[in-house]
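The values are calculated or read from the model by the stated rules, or taken from the named source; none is laboratory data. Every value quoted in this text rests on a predicted model; they were computed, and no experiment measured them. Note that we place each Cβ from the backbone using ideal geometry, even for glycine, and neighbour counts take in every protein chain shown. In case anyone asks, the SASA skips ligands and DNA or RNA and just uses the protein heavy atoms, side chains included. Shrake-Rupley method; radii C 1.70, N 1.55, O 1.52, S 1.80 Å.
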Amino acid sequence: MIIPVLLLLALAFSSIRIVPEYQRGVVFFLGRFQSIKGPGLIFVIPAIQQMVRVDLRIITMDVPSQDVISRDNVTVKVNAVLYFRVVDAEKAIIQVENYYMATSQLAQTTLRSVLGKHELDEMLAERDRLNVDIQAILDEQTASWGIKVTNVELKQVELDESMVRAISRQAEAERERRAKVINAEGELQASKTLLQAASVIAQNPQALQLRYLQTVSDMSTRNSSTILFPLPMDMFRPFMQSAAAPTPAPTPAATPTDKPDAG
């Protein structure tokens, strides 16, 4: 009687399984899917039942660096990070052999195909939109595997050294263009302001005298041995007008008339 009891106890102990809260057990009965059990204490009959553990926590996957040719024929290396989790343990075990490896390979191919449809400027400036596009494609394709892709993030876009120099020259040219445009806009605004000031001075000549006194006052506060003393052009206008006036032509002298001969 002791041996059968010991065998039963050994069988009972060997059939005990403890499944944590973050795992589920996919149980097969004679090779056929039976149920999903856990978490907690469950019993699996040896040699008849088989249990496969599935982790339901979010898995962080580092997508290796991929060589991508952009739409404008620029070769770059892009790596990313993928966050996903198993939402259906039955599908994750039955529908695909190794869901982790399958998701990794799918992420690599999707990364190359999606980024290849965009230009380099879009990869550098619109990462958020590209992340959403890649996530939507992966989530749709992995839904039949019982996997939910929660997030995709592009980590780094590596460029060739020659391309980095070309982008630097382009950025420098763009900054110079903006500086010229800003300078031209400043000149335009200054010309409009000067035109308004000239209109005010033309209507009120006293304003020019006040501006003249202000200029003299500003120059007197500087520590300089050179003094510029502007003179109004009105002081020289009479002299300029007299110099520009035409000189009268000389009057020809009268010639004496011949007297008639006497006799």
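Work out the FRET efficiency for R112 and I2 from their Cβ-Cβ distance, taking R0 = 45 Å, and round it to the nearest 0.05. Please list the in-between numbers first.
Working: r = 66 Å, r/R0 = 1.47.
In this case the efficiency is close to 0.10.
Would you kindly give the portion of the calculated P(r) for the stretch 46-148 that falls above 21 Å, as a percent of all Cα pairs? Don't jump to the answer; show the numbers that get you there.
Working: 2115 of 5253 pairs.
Within the stretch 46-148, distances greater than 21 Å cover 40 percent of Cα pairs.
Length gain on complete extension for the stretch R127 to D160, per 0.36 nm per residue less the alpha carbon to alpha carbon distance?
Once the chain is fully extended between R127 and D160, it gains 9.9 nm.
May I ask for the Rg/Rh ratio of the stretch 168-217, computed from Cα atoms with Rh as the Kirkwood radius, given to two decimals? Mind showing how you got there, number by number?
Working: Rg = 18.1 Å, Rh = 13.5 Å.
When Rh is taken as the Kirkwood radius, the ratio is 1.34.
Ignoring ligands, DNA and RNA, please state the percent of accessible area on the stretch 1-117 from carbon and sulfur, probe 1.4 Å.
Working: 4230 of 7110 Å².
Its accessible area is 60 percent carbon and sulfur atoms.
How much length would be gained if the chain were fully extended between A202 and D72, taking 0.36 nm per residue of separation minus their Cα-Cα distance, in nm to one decimal? Before the final figure, lay out each step's value.
On the way: separation 130, 0.36 × 130 = 46.80 nm, distance 5.91 nm.
Gain on extension, A202 to D72, equals 40.9 nm.
What ranking, highest mean first, results for peptides 41-52, 129-140 when packing means the other Cβ atoms within 10 Å averaged over each residue? Please list the in-between numbers first.
Values: 41-52: 13.7, 129-140: 16.4.
My ranking of the peptides, most packed first, is 129-140, 41-52.
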